[in-house]
Amino acid sequence: MKEKSKIKLIKAREILDSRGNPTVKVYLKTSSEESNFSVPSGVSEGKYEALEIRDKEKRYFGKGVKRAVNNINQIIAPRLKGESVLKQERIDQMLIEIDGTEQKSYLGANAILGVSIAVLKAGAQVKKIPLYKYIAQIFYGKQKTQIKKLPQPSLLLIEGALHGGNNLQIQEFMIIPQIRLFREQLRIGSEIYQTLKLILNEKYGKASTNVGYEGGFAPLLNRAEKALDLISLAIKKAGYLSKIKIALDIAASTFYQKNSYKFEDKIFTGSGLLKYYLNLSKTYPIISLEDPYFEEDWENFSLITQKLKNKITIFGDDLLATNPERIKTASKVGACNGLLLKPDQIGTFSEALTAAKEARKHQWKIMVSHRSGDTCDTFITDFAVGIGADSIKAGAPNRGERVAKYNRLLEIEEELFS
Ligand code: PGA
Ligand code: ZN
């Protein structure tokens with residue numbers, strides 16, 4: 001196993017992601033195995049995320065990733081040659097040290113994550129076990145681990161803000177079916193999605209069923225409550241009224257301005273917005289709110305968590321940036337009770353695990369997440385299963401790069417529970 005696990009080759013290439021922007025794909029070879037990983041990328045990026053580097057040259061309007069690719073081929077590959085892919089922590093530490101910056105701006109978080117996950121995948125292959133099992137072994141620190149449950153899917157129906165190209169200011173309107181089997185959750189979610197399509201079509205015409213970055217519908221609505229009413233109608237018409245909870249990603253950083261929030265033509269203070277959220281949660285079956293305030297508004301995050309924590313999960317995405325230190329701070333001040341976990345926000349597999357462990361220390365929920373610019377890679381599904389995440393959001397039950405992740409969960413469910 002020792003010889004087989006040694007890295008023979010690492011090579012990166014610039015490819016396109018689902019939004020048509022360049023991203024990094026890493027290929028890795030040991031003497032017996034081959035793996036690859038394509039790095040996702042967000043549009044509503046938090047200020048505290050590790051930095052993906054882009055070329056800022058004329059090609060691809062500045063979005064090229066040749067520099068990150070060269071960093072892998074010329075700096076990382078020669079240093080990692082001969083290292084064992086089974087030594088994940090050592091390799092991640094080497095990557096952090098070669099980079100040497102706070103936010104991974106020298107090599108680029110896109111270069112670093114690409115290599116880190118390609119190494120991880122090769123490790124699972126050398127061990128001849130499924131990726132999710134390998135991740136569980138590392139996460140729980142033991143060879144024998146039993147996966148008892150799968151993450152629930154948070155399925156996107158309608159998108160707005162930076163993702164939707166409409167006037168909705170809430171970024172993601174999602175549903176989580178409250179039943180046991182994943183394949184049934186996916187079926188019900190898909191049926192509601194298709195029912196919503198018919199409703200939109202009938203009410204607003206065909207163009208209203210065009211989709212946003214993550215496969216959700218992006219009708220030209222301008223009020224969140226309108227979107228929620230349409231979703232409620234679709235749930236009812238599809239026949240699943242008592243079986244569905246609603247999850248919202250507010251992504252409030254996008255409408256924060258000068259100590260207030262400009263939302264649906266009104267200026268809200270933090271406490272005004274809290275009242276609005278309380279009302280929403282009374283009217284609709286809301287189970288979680290992600291980023292209800294902007295990424296530095298610790299005070300209002302704490303107030304809403306205090307108020308709603310027994311009823312609703314408050315997930316920190318931009319607030320936490322999958323950063324273990326920010327998670328610690330958040331738990332100290334009670335700023336949320338859920339971690340939105342995006343491995344690319346922190347840049348290495350090992351640090352993403354540390355973030356998950358830190359969240360669990362405080363009994364937080366964990367939702368693993370894709371990015372708006374993604375690929376057909378399904379790593380995050382195995383990751384969510386391996387760490388026992390409560391939920392996974394991978395977009396709508398529509399578009400290849402989104403359903404790839406849900407389809408992988410169908411496979412895993414069959415392997416583990418049938
Ligand atoms: P992003 O959005 O991938 O565009 O950052 C996803 C999210 O905010 O959860
Ligand atoms: Zn978010």
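The values are calculated or read from the model by the stated rules, or taken from the named source; none is laboratory data. Quantities reported herein were computed from a predicted structural model and do not represent experimental measurements. Glycine gets a Cβ as well: all are built from the backbone with ideal geometry, and neighbour counts include every protein chain shown. The protein model used for the area step is the full one, side chains on, heavy atoms only, and it has no ligands, DNA or RNA in it. Shrake-Rupley method; radii C 1.70, N 1.55, O 1.52, S 1.80 Å.
Which of the residues belonging to the range 118-152 are of a type in the set (S, T, N, Q), farther than 24 Å from Val24 by Cα and not in a loop (DSSP other than H, G, I, E, B)? Let's see the steps before the verdict.
Going through the range 118-152, the residues of a type in the set (S, T, N, Q) turn out to be 125, 137, 143, 145-146, 152.
Retained after the next criterion (residues that are farther than 24 Å from Val24 by Cα): 137, 143, 145-146, 152.
Scanning the range 118-152 gives Gln137, Gln152.
Scan the range 81-123 residue by residue and report those that are small (Gly, Ala, Ser) and open to solvent by 30 Å² or more (accessible area, probe 1.4 Å). Steps first, answer last, please.
Start the filter on the range 81-123 by keeping residues that are small (Gly, Ala, Ser), which leaves 82, 84, 100, 105, 108-109, 111, 114, 116, 118, 122-123.
Within the range 81-123, Gly82, Gly100, Ser105 qualify.
Among (1) in contact with a Gly (Cβ under 9 Å, 6 or more places away or on another chain); (2) assigned to a helix (DSSP H, G or I), there is one condition Lys328 misses while meeting the rest; what is its number?
(1)
Taking the condition aromatic (Phe, Trp, Tyr), free of Cβ contacts under 8 Å to residues at least 60 places away in the same chain and assigned to a helix (DSSP H, G or I), does Tyr293 pass? Write out each step before concluding.
Numbers: aromatic (Phe, Trp, Tyr): yes; free of Cβ contacts under 8 Å to residues at least 60 places away in the same chain: yes; assigned to a helix (DSSP H, G or I): no.
Answer is no for this residue.
Residues are listed down the side, and each one gets a yes or a no for (1) open to solvent by less than 10 Å² (accessible area, probe 1.4 Å); (2) in contact with a helix residue (DSSP H, G or I) (Cβ under 6 Å, 6 or more places away or on another chain); (3) under 24 Å from Leu120 (Cβ atoms):
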position: Glu14; (1), (2), (3): no, yes, yes
position: Ser18; (1), (2), (3): no, yes, yes
position: Val43; (1), (2), (3): no, yes, no
position: Tyr60; (1), (2), (3): no, no, no
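Would you point out which residue out of Ala234, Ala238 is open to solvent by less than 10 Å² (accessible area, probe 1.4 Å) and closer than 18 Å to Ser154 by Cβ?
On the way: Ala238 fails: open to solvent by less than 10 Å² (accessible area, probe 1.4 Å).
Within the list Ala234, Ala238, the selection yields Ala234.
Of all the helices (runs of 4 or more DSSP H) wholly in the range 348-418, which have at least 1 residues that are more than 16 Å from ligand 2 (Cβ to nearest atom) and open to solvent by 20 Å² or more (accessible area, probe 1.4 Å)? Don't jump to the end; show me each part of the working.
Numbers: elements: 349-361, 379-386, 400-417.
Per the criteria, 349-361, 400-417.
Taking Ile135 as meeting all but one of (1) away from ligand 1 (no atom under 16 Å from the Cβ); (2) open to solvent by 10 Å² or more (accessible area, probe 1.4 Å), write down the number of the exception.
(2)
Being in contact with a helix residue (DSSP H, G or I) (Cβ under 8 Å, 6 or more places away or on another chain), over 20 Å from Lys393 (Cβ atoms), among the hydrophobic types (A, V, I, L, M, F, W, C) and away from ligand 2 (no atom under 16 Å from the Cβ) narrows it down to one residue among Leu228, Leu273, Leu308, Leu280; which is it? Please lay out each step first, then the result.
Values: Leu228 fails: over 20 Å from Lys393 (Cβ atoms); Leu308 fails: over 20 Å from Lys393 (Cβ atoms); Leu280 fails: over 20 Å from Lys393 (Cβ atoms).
It is Leu273.
So how many residues does the range 203-231 have that are crowded, with 17+ Cβ neighbours inside 10 Å, out of contact with any Leu (no Cβ under 8 Å at 6 or more places or on another chain) and not in a loop (DSSP other than H, G, I, E, B)?
The qualifying residues number 1.
Tell me the residue from Ala335, Ala330, Ala321 that is within 14 Å of ligand 2 (Cβ to nearest atom) and over 19 Å from Leu155 (Cα atoms), please. Quick ask: steps written out before the conclusion?
On the way: Ala335 fails: within 14 Å of ligand 2 (Cβ to nearest atom); Ala330 fails: within 14 Å of ligand 2 (Cβ to nearest atom).
Matching residue, one of Ala335, Ala330, Ala321: Ala321.
Pick from Thr322, Thr329: which is surrounded by 18 or more Cβ atoms within 10 Å (Cβ to Cβ), modelled with pLDDT of 95 or more and under 22 Å from the mean Cα position of the chain (by Cα)?
On the way: Thr329 fails: surrounded by 18 or more Cβ atoms within 10 Å (Cβ to Cβ).
When all the criteria are applied, what remains is Thr322.
Here's a check for you: in the range 331-347, which residue that is in contact with a strand residue (DSSP E or B) (Cβ under 9 Å, 6 or more places away or on another chain) and part of a loop (DSSP other than H, G, I, E, B) is nearest to Tyr140 (Cα to Cα)?
Restricting to residues being in contact with a strand residue (DSSP E or B) (Cβ under 9 Å, 6 or more places away or on another chain) and part of a loop (DSSP other than H, G, I, E, B), the top hit is Lys342.
Under 9 Å between Cβ atoms, which residue pairs at least 6 apart in sequence (or on different chains) link something in the range 91-117 that is aromatic (Phe, Trp, Tyr) with a partner that is in a loop (DSSP other than H, G, I, E, B)?
Close Cβ pairs satisfying both conditions: Tyr106/Ile53; Tyr106/Gly100.
How about the range 316-331: which of its residues are in contact with a Lys or Arg (Cβ under 8 Å, 6 or more places away or on another chain) and of a type in the set (D, E, K, R)?
Matches in the range 316-331: Asp317, Asp318.
Which members of the range 162-181 meet the condition of being polar (S, T, N, Q) and within 13 Å of ligand 2 (Cβ to nearest atom)?
Pass one, the range 162-181, residues polar (S, T, N, Q): 166-167, 169, 171, 178.
Correct list: Gln171 only.
Could you say which residue among Ser44, Ser32 is within 16 Å of ligand 1 (Cβ to nearest atom), assigned to a loop (DSSP other than H, G, I, E, B) and touching an Asp or Glu at 6+ places or on another chain (Cβ under 9 Å)? Give the derivation first.
Details: Ser32 fails: within 16 Å of ligand 1 (Cβ to nearest atom).
Every option except Ser44 fails the conditions.
Give the residue that is nearest to ligand 1 (Cβ to nearest atom), with candidates limited to residues of the range 47-57 that are farther than 18 Å from Asn323 by Cβ and open to solvent by less than 40 Å² (accessible area, probe 1.4 Å).
Filtering the range 47-57 for residues farther than 18 Å from Asn323 by Cβ gives 53-57.
Checking the rest, the ones that are also open to solvent by less than 40 Å² (accessible area, probe 1.4 Å) come to 53-55.
Numbers: Ile53: 17, Arg54: 15, Asp55: 20 Å.
By that ranking, first place goes to Arg54.
For the range 298-314, how many residues are within 16 Å of ligand 1 (Cβ to nearest atom) and open to solvent by 10 Å² or more (accessible area, probe 1.4 Å)? Steps first, please.
Initial filter on the range 298-314 (within 16 Å of ligand 1 (Cβ to nearest atom)): 301, 313-314.
Among the residues that remain, those that are also open to solvent by 10 Å² or more (accessible area, probe 1.4 Å) are: 313.
The total comes to 1.
Leu200 is checked against (1) farther than 22 Å from Leu289 by Cα; (2) touching a Ser or Thr at 6+ places or on another chain (Cβ under 6 Å); (3) open to solvent by 70 Å² or more (accessible area, probe 1.4 Å); (4) of a type outside the set (Lys, Arg) and fails just one. What number does that condition carry?
It is condition (3) that Leu200 fails.
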